[in-house]
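Everything on this sheet refers to the single structure shown next.
The values are calculated or read from the model by the stated rules, or taken from the named source; none is laboratory data. Keep in mind that this is a model prediction, so the values were computed, not measured. Because the Cβ atoms are built from the backbone with ideal geometry, glycine has one as well, and the counts that use them run over all protein chains shown.
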Protein chains: 4
Amino acid sequence: MKPNAILLLSCPDQKGIVASVSNFIFHHSGNIVHAAQHTTERSKIFFMRIEWELEGFDIARGKILEAFEPLAKKFSMKCSLHFTDVQPRIALFVSKHIHCFHDIILRHKMGEFKCQIPLVIGNHLELKPVAEQFGLSYLHVPITPDDKVQQEERELAELKRHKIDCIVLARYMQVLTDRFVARWPNRIINIHHSFLPAFAGRSPYQQAYDRGVKIIGATSHYVTETLDDGPIIAQDVIKISHRDSVSDMEMKGKDLERMVLARAVRLHLENRILVHGSKTIVFE
Amino acid sequence: MKPNAILLLSCPDQKGIVASVSNFIFHHSGNIVHAAQHTTERSKIFFMRIEWELEGFDIARGKILEAFEPLAKKFSMKCSLHFTDVQPRIALFVSKHIHCFHDIILRHKMGEFKCQIPLVIGNHLELKPVAEQFGLSYLHVPITPDDKVQQEERELAELKRHKIDCIVLARYMQVLTDRFVARWPNRIINIHHSFLPAFAGRSPYQQAYDRGVKIIGATSHYVTETLDDGPIIAQDVIKISHRDSVSDMEMKGKDLERMVLARAVRLHLENRILVHGSKTIVFE
Amino acid sequence: MKPNAILLLSCPDQKGIVASVSNFIFHHSGNIVHAAQHTTERSKIFFMRIEWELEGFDIARGKILEAFEPLAKKFSMKCSLHFTDVQPRIALFVSKHIHCFHDIILRHKMGEFKCQIPLVIGNHLELKPVAEQFGLSYLHVPITPDDKVQQEERELAELKRHKIDCIVLARYMQVLTDRFVARWPNRIINIHHSFLPAFAGRSPYQQAYDRGVKIIGATSHYVTETLDDGPIIAQDVIKISHRDSVSDMEMKGKDLERMVLARAVRLHLENRILVHGSKTIVFE
Amino acid sequence: MKPNAILLLSCPDQKGIVASVSNFIFHHSGNIVHAAQHTTERSKIFFMRIEWELEGFDIARGKILEAFEPLAKKFSMKCSLHFTDVQPRIALFVSKHIHCFHDIILRHKMGEFKCQIPLVIGNHLELKPVAEQFGLSYLHVPITPDDKVQQEERELAELKRHKIDCIVLARYMQVLTDRFVARWPNRIINIHHSFLPAFAGRSPYQQAYDRGVKIIGATSHYVTETLDDGPIIAQDVIKISHRDSVSDMEMKGKDLERMVLARAVRLHLENRILVHGSKTIVFE
């Protein structure tokens, strides 16, 4: 696979954006392989994802943003540039649940995720052997109400040291502090085991059981200061019946959680997500 | 199709219920064609639906419950008896939305619903021609905040006069009074256009849009005094994306609403639902 | 809703197509509101759908293709131009099944389909009253093995007379002759009640029952000379179980057939489909 | 969890079966916790699954079938008896694909499968380290066209030696001989990566790609002498689009294959499946 460049951009909508951006790429001998755009209905913000082959492109990688700068200025664009051969560095945060953690490792191993996983952080020790079985570095950071801030400091230092780009909470059962979250805007992906906004917070399967719903769900979202309220990336549900106990739901839900989290991680790694306020634009 | 009898029953769980009930049917020469049971996990309440052929059964229809009485007493059963050749009488309540109304009429016409529809009540006039096109009797009962109680009295009288068994709110946009609801326990079926408990109340698609969810849903439930909080009969969802405006959701949701409401109505008409507190047991 | 123009095009892939097309629109003061592209993996054919606002666009509708001609030539493009305020004229072909027919009429009435339906052709008389109930012109064209060719001639004449753009077979139970099909390439939409290629031909639900599958499906496709083999536009399935008889499948399948056909018709009407050999590219 | 007994039975339909079976259990002080039945439409064969608590049941496990014998004779029943605390012994057959294999091991580890896995047989060496990582015994049995029969003899001997109850083909890429299959009727579970009967045989994703379908599927079935033709246990599909290459389908299909196979294995382990000719009755 030869490398491509991916440009994600947003700006107030106006005529000529698509033409200008595609001209920029064409005039520097790039071949566009994917382009998608969206304009929000009321606020008229324009969002775009454009991907082109680097082969033959006549600007060096490190100079592309500089060359694009005049265009970006003209249209007041926010933009970010990515390359398909640069693998983001992911940190996994885990507690005791194995299914999402294991699933991510397996998908990574099968080549489904183009990333590196240099760090696993867990507030328990149960999953240490699993991490080590797969040759992953496991850092045990137990959290108590008293030392949360200090422990998060330790985590932040480790994330920096390992040059982490994105954190995936693979059923991590701790609530991160606002301070921590603010340092990683739209770069922490969580999986919540309900179809949000229903059943936010603790024990969503118990809540679902008590309400007597006929479907259960899972939601993957970016983490923000408000619990289970960040921009939603992916959601799905499965049907259940009166026969399903809370533990049946837990078992059935595991499949959902794995698939929905994997989907969100893949979309993030492929730079297909743009965040707009409390919502996401996902260019599939 | 020869007629069957259906017995729905519930009682505290204990040994011998299935044997006693099936013996009762067997000793009176009935052939069981469907039997399903469920025992709640903690409260240990036993629920059963049992269906048998009336042909050859040696008790006359009108005497079955009497003959069953000793058994019912012994196990402290609540039970109800139904016959597959007796068509329940349904009243449809509508406002301006045509899709659920039209869908129910079409399914009825195609033989999917074994029921009669002697009465349609609408608080607007828009759907009167549609009802009449299909030969249905349409009663216009406009509701204002001032005359709600009187108008509901009128509706209650009409329901009585037409010997209605079950009310289906086919996107009826009025909230029924507690008094009205109390008269029709577990016999009013509503369709709400969200996956409850998320987005209860007004404008669920707008709420869904504002939250940025990636699925929208529909929920059919029995109506209780608390809005959108009754026992859920059926639910389903479809996927949406950032491209879907509120009106796109409304259009896509119509398919869901039609299917979920139809499913709930069919389950009710086939006597497959037992209500247990705020939840349903659905024997499919 | 102000009118937009939609250009569908395909050509051998090469650099500069997106830039050239978007420049063309921009330089004539058009505002692009939707653009999607796809390049086939091996044959490297480029496909594009691009939609822009006509307001402010400085070429008159009737002159756009002429003005675009040099570009089209340069890239060896096949292209077609459409306008969102021009409603295609649909003919419905029906037999005795009411559900798809009724569903299309209802969706049309609710504004879900932007089209006109000036003609319904049926080889039976059962659905004539339904058509007339909705004010549609119904032509009865009975078909026997002996007079098929003559009757199709009559149909072709009527289609011409009514300036029909697209034919929808709403569970029409006759096989069209190759001669007829050849006159309407990629403009006849059929619904087949199985997940093709499984269970092509007659009685797909009976075939599904005999095989003991756990899902049944529906497929909407363009009609080609080979039965049930044309380019697939949309497909979906629902789960069934051993309890479902053939007639249960027929009933459950009706929902699927309606939804899948409606989806295909909508995609066609919105000019979102390009055909590539035996496959479709669907820009949603 | 206290142990239950499960009786699976089938016989020609007649009055009194349910009563007789439930009486048998009741008179020996058993408490029925689950009962489901089905009668085939035309052949009128009656199928039943009945589960009761062994606690308090007054017949010793080893004597139950003997005590039930008169009843079984009277109704010409075929029946099998199972206990929920007896874990079936599973052999996994694998080739090079890791996803189904890994998934089964993980589910087993998480307690989702109540079974033992004393043996893994592979015709390649790739998955040996994975098996050993999880402490499973891995037997390498390479197969060539010339030694297939001898190698299957070796496998049959190992299956016997390990007292295997059921074989799961976790994407095992060899076709078993009729002779082998005949020894394990309805006890070999396969996963095929298409919605059968479509795309049987080799390279189903390539076949799906070539046909241009909009859904791909997976089917789990018991293995019979005819390839990909055995009684279907579970099936599911996911949507795809023109953008999906064969390798995209392979990646997306892995999720399906894992879930559908896991579902079939769980149903088998819970003794919820009865086979009737070329079809299954699945009591969920």
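Only one of (1) buried (at least 16 other Cβ atoms within 10 Å of the Cβ); (2) more than 12 Å from chain C (Cβ to nearest Cβ); (3) in a loop (DSSP other than H, G, I, E, B) fails for A:S10. Which number is that?
(3)
So, A:G201, is that one touching a residue at least 24 places away in the same chain (Cβ under 8 Å), closer than 30 Å to A:M249 by Cα and exposed (fewer than 14 other Cβ atoms within 10 Å of the Cβ) or not?
Taking the combined requirement at face value, the residue satisfies it.
Return only the number of the condition from (1) within 14 Å of chain A (Cβ to nearest Cβ); (2) at positive phi that B:A200 does not satisfy.
(2)
Pairs, please: C-beta under 6 Å, at least 6 apart or cross-chain, first residue in a loop (DSSP other than H, G, I, E, B) and in segment D:53-74, second of a type in the set (S, T, Y)?
D:G56/D:S29; D:F57/D:S29; D:D58/D:S29
In the set A:D236, A:D228, which member is surrounded by fewer than 22 Cβ atoms within 10 Å (Cβ to Cβ), at the interface with chain B (Cβ under 10 Å from one of its Cβ atoms), over 13 Å from the mean Cα position of the chain (by Cα) and of a type outside the set (V, I, T)?
Residue meeting the stated conditions: A:D236.
Closer than 28 Å to D:R266 by Cβ, of a type outside the set (S, T, Y), buried (at least 16 other Cβ atoms within 10 Å of the Cβ) and outside the structural domain of D:L136 (by TED's automatic domain parsing), is that true of D:F47?
Yes; evaluated as a whole, the condition is true for this residue.
What is the one condition in (1) in contact with a Leu (Cβ under 7 Å, 6 or more places away or on another chain); (2) within 12 Å of another protein chain (Cβ to nearest Cβ); (3) not in a loop (DSSP other than H, G, I, E, B) that D:F113 does not satisfy?
(3)
For D:H193, are the conditions met, namely being surrounded by 22 or more Cβ atoms within 10 Å (Cβ to Cβ) and free of Cβ contacts under 8 Å to residues at least 40 places away in the same chain?
No: the conditions fail for D:H193.
Taking segment C:21-44 on its own, how many of its residues are crowded, with 19+ Cβ neighbours inside 10 Å and under 12 Å from C:L71 (Cβ atoms)?
5
Kindly list the number of the only condition in (1) surrounded by fewer than 23 Cβ atoms within 10 Å (Cβ to Cβ); (2) under 21 Å from the mean Cα position of the chain (by Cα) that fails for D:E250.
(2)
Please pick out the residue among A:R243, A:R272 that is of a type outside the set (A, V, I, L, M), modelled with pLDDT of 95 or more and over 30 Å from C:H34 (Cα atoms).
So the residue among A:R243, A:R272 that is of a type outside the set (A, V, I, L, M), modelled with pLDDT of 95 or more and over 30 Å from C:H34 (Cα atoms) is A:R243.
Restricting to segment C:83-110, name every residue that is at pLDDT 95 or above, part of a loop (DSSP other than H, G, I, E, B) and within 12 Å of chain B (Cβ to nearest Cβ).
Within segment C:83-110, C:K96, C:H97, C:I98 meet the criteria.
Can you name the residue in segment D:264-281 that is within 19 Å of C:D244 (Cα to Cα) and among the polar types (S, T, N, Q) and is also surrounded by the fewest Cβ atoms within 10 Å (Cβ to Cβ) among such residues?
D:S278
Can you pull out the residues in segment D:199-227 that are over 17 Å from C:S278 (Cα atoms), in a loop (DSSP other than H, G, I, E, B) and touching a strand residue (DSSP E or B) at 6+ places or on another chain (Cβ under 8 Å)?
D:A200, D:V223
Can you tell me how many residues within segment C:1-33 are under 28 Å from A:G56 (Cα atoms), polar (S, T, N, Q) and in contact (Cβ under 8 Å) with a residue 40 or more places away in the chain?
Summing the residues that are under 28 Å from A:G56 (Cα atoms), polar (S, T, N, Q) and in contact (Cβ under 8 Å) with a residue 40 or more places away in the chain in segment C:1-33 gives 3.
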